[in-house]
Amino acid sequence: MIEAPVDLRIRPFDPDRDLADVVRVLNAENEADDVDERETPGDFRSHVAHASEQFDARRDIGVGELGGRIVAVAGQDWVDTRDGALREHRLWGAVAPDYRRRGIGTAMLADNERRAAALASTHDTDRPHTYAGWASDGRPGARLLEASGYELVRWFFDMVRPDLEDLPAPPPLPDGLELRPVTPDLYTVVWQGNREAFRDHWGGSDESEAAMRRFLDAPHRDPTLWLVAFDGDEVAAGVFNGIYPEQDAALGIKRGWLDSVFTRRPWRRRGLARALILRSLVLLRERGMTSAALGVDADNPLGALGLYESAGFVVHDRFTAWRKPMEARS
């Protein structure tokens with residue numbers, strides 16, 4: 001194992017002074033690893049601005065410095081898995097490419113695990129605690145997790161529809177359902193409907209009001225792009241579409257995202273998701289996009305992968321979820 005530099009300093013993240021440097025490290029890693037994602041200071045500021053029990057940036061993010069320069073970042077949050085089995089401490093991190101292979105990633109992961117274990121020791125729960133990680137497949141992050149004793153537990157895909165020409169005509173919505181503009185008075189009920197729709201999916205999520213604010217306050221969040229179907233006063237299904245100009249400019253593309261596709265249980269198996277997906281593609285094309293993307297659990301229990309393939313999406317990149325029992329820490 002490569003020993004970390006003796007002058008590596010790991011300290012708590014300070015949102016007031018570290019934000020731009022953390023974004024620099026995250027984007028440098030994504031560019032080096034050919035991952036089609038770019039962070040912006042505004043997006044990251046929204047992410048760290050609202051503390052909840054499950055995530056507090058000042059508590060849960062650390063930065064690694066060499067000679068006073070931030071060269072790495074590592075963070076975490078925790079969720080209870082929806083199957084009732086685990087309390088999952090989800091760890092993530094990045095190292096500036098010029099500083100790889102110096103043991104910095106290993107040191108940051110170990111410090112992240114230490115902080116997660118310390119936080120877990122304050123929790124009152126009967127659930128076993130586990131470390132969890134997320135990585136782009138085949139890249140250094142995945143290799144680090146495997147070398148650190150993590151086991152691969154799930155695959156996820158980024159899928160892309162390479163063009164938005166010759167789109168299939170969207171089918172009509174099922175009887176009794178209608179699209180409505182998502183005005184500010186509806187933000188909470190739509191968010192809650194989205195979160196409820198994922199409660200029988202793998203993993204877990206932070207459903208707090210703070211998590212909702214992190215999502216809604218992102219600078220390019222545009223609810224006029226959302227397509228949400230209502231059945232009376234009930235949210236039945238929706239697609240949270242997004243356009244990210246700074247990311248597109250960095251990548252040299254015009255790609256809209258179907259950030260979240262959801263249908264609540266009583267309205268499933270009626271063709272509603274397909275109708276909203278195809279309408280979303282038309283909407284993104286009208287807004288000037290030339291391709292579209294989304295993320296999907298490879299083992300989604302509702303057949304989402306096949307649905308997206310039928311709408312013209314193909315697998316573009318692969319990501320992996322990992323776990324290690326907290327009791328296995330050294």
Checklist entry - With all protein chains present, how much of the accessible area of region 130-170 (probe radius 1.4 Å) comes from carbon and sulfur, to the nearest whole percent? => result 51 percent
Checklist entry - Tell me, in nm to one decimal, what length is gained between VAL6 and ARG101 on full extension, where the rule is 0.36 nm per residue of separation less the Cα-Cα distance? => result 32.8 nm
Item to check | Where only alpha carbons of region 1-138 are counted, the Rg and the Dmax (Å) | outcome: 15.1, 45
Checklist entry - Quick one: net charge of ASP317's neighbours, Cβ under 11 Å, K/R +1, D/E -1? => result -4
Item to check | Helix 272-286 axis, angle to the chain major axis (alpha carbon atoms, nearest 10°) | outcome: 80 degrees
Checklist entry - Fully extended, how many nm does the chain gain between ARG221 and GLU209 (0.36 nm per residue separation, minus their Cα-Cα distance)? => result 2.7 nm
Checklist outcome for this item: Taking GluC sites (Glu not before Pro) in a DSSP loop with at most 14 other Cβ atoms within 10 angstrom as exposed, one finds the longest site-free stretch of the chain at 166-330
Checklist outcome for this item: In degrees, nearest 10, the alpha-carbon axis of helix 104-120 is tilted away from the dominant principal axis of the alpha carbons of the chain by 80 degrees
Checklist entry - Considering only protein heavy atoms, what per residue accessible area in square angstrom results for the chain with a 1.4 angstrom probe? => result 47 Å²
Next on the checklist: Using the crude model of +1 on Lys and Arg Cβ and -1 on Asp and Glu Cβ, and no other charge, please compute the dipole size for the chain relative to its Cα centre, in debye to 20.
Outcome noted: 260 debye
Next on the checklist: For PHE44, PHE157, give me the order by solvent-accessible area with a 1.4 Å probe, most accessible first, ignoring ligands, DNA and RNA.
Outcome noted: PHE157, PHE44
Checklist outcome for this item: Projected onto the charge dipole of region 35-148 (unit charges on the beta-carbon of Lys, Arg, Asp and Glu, signs +1, +1, -1, -1), the Cα from HIS89, ALA118, GLY68 with the largest positive-side position is that of GLY68
Checklist entry - Between region 132-204 and region 291-325, what's the alpha-carbon centroid distance in Å? => result 8 Å
Next on the checklist: Let me check something: with ligands and nucleic acids excluded, how do SER121, SER280, SER310 order by accessible area (1.4 Å probe), largest to smallest?
Outcome noted: SER121, SER310, SER280
Next on the checklist: For a quick check of understanding: with a 1.4 angstrom probe and all protein chains in place, what accessible area in square angstrom does HIS47 have, to the nearest ten?
Outcome noted: 70 Å²
Checklist entry - Ignoring ligands, DNA and RNA, what percent of the 1.4 Å accessible area of region 176-330 is carbon and sulfur? => result 50 percent
Next on the checklist: Heavy atoms of the protein only, probe of 1.4 Å, neighbouring chains included. What is the accessible area of PHE13 in Å², nearest 10?
Outcome noted: 10 Å²
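The values are calculated or read from the model by the stated rules, or taken from the named source; none is laboratory data. Source: prediction; values computed, not measured. All Cβ positions, even for glycine, are placed from backbone atoms using ideal geometry, and neighbour counts span all protein chains on display. What goes into the accessible areas is simple: the full protein's heavy atoms, side chains included, and nothing from ligands, DNA or RNA. Shrake-Rupley method; radii C 1.70, N 1.55, O 1.52, S 1.80 Å.
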